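Q: Sharing a structure here in C-alpha cells format.
Taken together, the values in this text are just the output of simple stated rules run on the coordinates, not laboratory data. Note that the structure is a prediction, hence the values are computed from the model and not measured. Here Cβ is always computed from backbone atoms with ideal geometry, including for glycine, and neighbour counts include all displayed protein chains.
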Amino acid sequence: MDNLFLAYVLIVVGLLLMAGEIFLPTGGILGAVGIAGLIAGIAMTFYEKPTQGLITLIAVFILIPILGPILMHYWPKTALGRKMFLEGPEDDATVAKMPVVLELEQLRGRYGKTVSALRPAGVTDFDGKRVDTISEGEMIEPGHWVRCIDVRAGRVIVRAVERPPDLADLNPEDLKQ
C-alpha cells in the first residue's frame, strides 16, 4: 500500500471519527482518535512530499470549517439530536394564552387617552383602566387620543388619532376637564 494513499485514508477516517463524535457522544474518545488520525495523515503527506503536505493541510483547514456547520445543521434532525435538543413552544404561543394577554386583546380597536408621553412606551387610559402601551415609533404627548391597533406578545401597540369617531360631533372644548 502506498504511503500517500494510507495518509489520505487516515485523514478521511480522522474526519469521519470527528464527525462521529458529534453524532455518538463518547466523551471525546472518537474525537481524540479522529484528531490523532488527522494529524498522522497530514504528517505522512509532509513526509512523502512537502508541497503535497502543504496542499493537504490547506485543504483540511478549508474542509473542516465547511463540513462542521453542515454537520451541526443536520445533527438536530437525527434521532440522537432530537433527544439532545428539546424544542419549546414559540414565545408568542405561550404568551398569547396568558389571562392578562387575553384581557389586553379586548383593547384591540378601542380608543384611549395617553396619561404619560409615549416615547415610544408609556401609559394610556382606556375607559378608566391604565395600560402600558407602545406607539408605532412616533412620540405622543400626554392627553392625546390613541387607538389600539395591535396586541403582540402582551404589548399593546397604539397609533395617534385626532379623536374617536363617536366624539367627532362634540366640541373639543367640552371634553376638557
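Q: Given the options Asp166, Asp150, Asp132, which has the most mean-square fluctuation in a GNM of the chain, springs set between C-alpha atoms less than 10 angstrom apart?
A: Answer for the Gaussian network model of the chain: Asp166.
Q: Using unit Cβ charges (K, R positive; D, E negative) and no other charged atoms, how large, in debye to the nearest 20, is the dipole of the chain about its Cα centre?
A: Numbers: 17 positive and 21 negative charges, 88 e Å.
The calculated dipole for the chain is roughly 420 debye.
Q: Relative contact order for the chain: what is it in percent, counting Cα pairs under 8 Å that are at least 6 residues apart? It would help to have the intermediate numbers written out before the result.
A: On the way: 242 pairs, mean separation 22.9, N = 177.
Worked out over the chain, it gives 13 percent.
Q: Would you be so kind as to identify which of Leu118, Ala79, Leu6 lies farthest towards the positive end of the dipole of the chain, taking Lys and Arg as +1 and Asp and Glu as -1 on Cβ and the Cα centre as origin?
A: With unit charges placed on the Cβ atoms, the residue in question is Leu6.
Q: Binned at 10 Å from 0, what are the whole-percent values of the Cα-Cα distance distribution for the stretch 1-126, short to long?
A: That works out to 11, 24, 18, 10, 10, 11, 10, 5, 1, in percent per bin.
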